[in-house]
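Beneath this line is the structure, given in C-alpha cells, with notes to follow.
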Amino acid sequence: MSAKIIDGRVVSKTLRKGYATRVEALKAKGGRAPGLAVILVGDSAASQIYVRNKIRACHEVGIGSVLIELPTNSTEQEVLDRIDQLNADRAIDGILIQLPLPAQIRMPPVLERISVDKDVDGFHLYNVGGLITGNTVFPPCTPYGVQKLLESENIEVAGRNVVVVGASNIVGKPMAMMLMQQDATVCICHKLTRDLAQFTILADILVVAAGVPRLILPQMVKTGAVVIDVGINRLPDGTVVGDVDFEGVRKKASYITTVPGGVGPMTVTMLLHNTIVSAERSLGLPVGVAE
C-alpha cells in the first residue's frame with residue numbers, strides 16, 4: 001500500500017479561486033472589498049515571513065490588507081489601543097495578531113480584546129467556547145483547514161475513531177471539538193500520554209500536532225489510516241519535517257499529508273474564508289451570498 005497524498009496546495013488553489021470570485025461579487029453587492037488588519041509586534045524573522053505570506057494571499061483573492069508593525073518594546077496597552085482602533089474601523093473585517101508576542105505582552109488580554117465579530121483567527125474565548133456547542137462565529141483556521149482537507153477527499157468522519165496527538169489551544173483541543181461535532185469518536189493524546197502507540201494504532205484518522213519531529217513511526221499507525229500531519233519542525237541541517245515519519249508511514253496509510261505543502265497552505269486559506277464571511281456579515285448580506 002502507498003498512501004494517496006492530500007495536497008494542501010492544490011486544495012487551497014481551488015478554494016482561493018472561488019474566494020476571488022466571491023470577493024468580486026461581494027464588492028458589487030456591498031461596495032467594498034473585505035479588509036484584514038495584521039498586527040506584528042517585534043522583528044522576528046519567522047513572524048515576518050508568515051505575515052508576508054498572509055498578506056500575499058489576501059492580495060491574491062482581492063482582500064484588502066493593512067499591516068501594523070510595532071516595535072519589540074511596545075507595551076501591552078499600546079497593542080490594546082491599536083486593537084480598539086481597528087475594532088471601530090468599519091473598513092476592517094478581520095483582525096489578526098501575529099504570534100508569539102514579546103514577553104512583556106500577555107496573550108489572553110490581547111486576544112480577548114479583539115471583537116468577536118472580527119476574530120478571524122478564531123482565538124477569542126467566545127469562539128473557542130462556541131466549539132463545544134457548534135455555535136462558534138469563526139472556526140480556528142488550522143483545524144478548519146484540516147476539516148476541509150478531509151472533505152476534499154470525501155473522507156467520512158462520523159463514527160470513525162480519531163486520535164489527535166497534541167492538546168494545544170490553537171490546534172489540538174479545537175480540532176477535537178470540531179471532529180466531535182461531526183460525530184467522530186475522539187481521543188486526545190499529549191506529552192504526558194503513556195505508551196502513545198497504544199492509542200495511535202486504533203485511529204482510523206490520526207491528526208498529529210505535537211511539534212516533535214518524526215514522532216509517529218510506521219508501527220504506531222493502523223493499516224489504512226488517514227494521517228494528517230500538522231507539525232512543522234526545522235532540523236539542525238535546515239530540513240523541514242513534520243511530526244510523522246512520512247516515508248515510513250505512507251506505506252501503511254490510505255491518505256497522508258506532506259510537510260510542507262499539506263496543512264500549512266490551508267491555514268492561510270481558511271483565514272481568507274473567515275475574513276470574507278466577516279465582510280458579508282458586516283455588510284448585512286447573507287453568508288455565502290457572493291458564492
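The condition of being under 20 Å from the mean Cα position of the chain (by Cα) and not in a helix (DSSP H, G or I) does not hold for Pro286.
The sole residue among Ala37, Ala57, Ala33 that is surrounded by 15 or more Cβ atoms within 10 Å (Cβ to Cβ) and in a loop (DSSP other than H, G, I, E, B) is Ala33. Residues of region 127-158 that are among the aromatic types (Phe, Trp, Tyr) and touching a Ser or Thr at 6+ places or on another chain (Cβ under 8 Å): Phe138 alone.
Of these, Gln198, Gln104, which one is under 28 Å from Val51 (Cβ atoms), of a type outside the set (A, V, I, L, M, F, W, C) and at pLDDT 95 or above?
Checking each option against the conditions leaves just Gln104.
Test Gly248 against the criterion of being surrounded by fewer than 23 Cβ atoms within 10 Å (Cβ to Cβ) and part of a loop (DSSP other than H, G, I, E, B), and give yes or no. Answer is no for this residue. Only helices (runs of 4 or more DSSP H) whose full extent lies in region 92-200 are considered here, and the ones with at least 1 residues that are in contact (Cβ under 8 Å) with a residue 40 or more places away in the chain and surrounded by fewer than 20 Cβ atoms within 10 Å (Cβ to Cβ) are 125-133, 141-152, 172-181. Is it the case that Gly145 is on the phi > 0 side of the Ramachandran plot and touching a helix residue (DSSP H, G or I) at 6+ places or on another chain (Cβ under 9 Å)? Spelling it out, it is not the case that Gly145 is on the phi > 0 side of the Ramachandran plot and touching a helix residue (DSSP H, G or I) at 6+ places or on another chain (Cβ under 9 Å). Exactly one residue among Glu280, Glu247 is in contact (Cβ under 8 Å) with a residue 12 or more places away in the chain and of a type in the set (Asp, Glu), and that residue is Glu280. Per this entry, Ser12 is not counted among residues that are in contact with a Cys (Cβ under 6 Å, 6 or more places away or on another chain) and farther than 17 Å from Pro102 by Cβ.
Within region 229-244, is even one residue outside the structural domain of Leu96 (by TED's automatic domain parsing), within 30 Å of Leu26 (Cβ to Cβ) and crowded, with 24+ Cβ neighbours inside 10 Å? No; the residues of region 229-244 include none that is outside the structural domain of Leu96 (by TED's automatic domain parsing), within 30 Å of Leu26 (Cβ to Cβ) and crowded, with 24+ Cβ neighbours inside 10 Å.
Quick check: anything in region 13-22 hydroxyl-bearing (Ser, Thr, Tyr) and either modelled with pLDDT under 95 or in the same structural domain as Leu70 (by TED's automatic domain parsing) (or both)? If you could, list the steps in order and put the result at the bottom.
Pass one, region 13-22, residues hydroxyl-bearing (Ser, Thr, Tyr): 14, 19, 21.
So of that shortlist, the ones also either modelled with pLDDT under 95 or in the same structural domain as Leu70 (by TED's automatic domain parsing) (or both) come out as 21.
Yes, region 13-22 has at least one match.
Please indicate, with yes or no, whether at least one residue in region 73-91 is buried (at least 20 other Cβ atoms within 10 Å of the Cβ), assigned to a loop (DSSP other than H, G, I, E, B) and touching a residue at least 40 places away in the same chain (Cβ under 8 Å). Scanning region 73-91, I find no residue that is buried (at least 20 other Cβ atoms within 10 Å of the Cβ), assigned to a loop (DSSP other than H, G, I, E, B) and touching a residue at least 40 places away in the same chain (Cβ under 8 Å), so the answer is no. Looking at region 51-68, which of the residues that are of a type outside the set (A, V, I, L, M, F, W, C) and under 12 Å from Leu96 (Cα atoms) is nearest to the chain's Cα centre (by Cα)? My answer is Lys54. Any residue that is under 30 Å from Gly248 (Cα atoms), not assigned by TED's automatic domain parsing to the domain that holds Gln147 and not basic (Lys, Arg) - is there at least one of those in region 31-51? Yes; the residues of region 31-51 include at least one that is under 30 Å from Gly248 (Cα atoms), not assigned by TED's automatic domain parsing to the domain that holds Gln147 and not basic (Lys, Arg).
The values are calculated or read from the model by the stated rules, or taken from the named source; none is laboratory data. The structure presented is a predicted model; accordingly, all values stated were derived computationally and were not measured. Because the Cβ atoms are built from the backbone with ideal geometry, glycine has one as well, and the counts that use them run over all protein chains shown.
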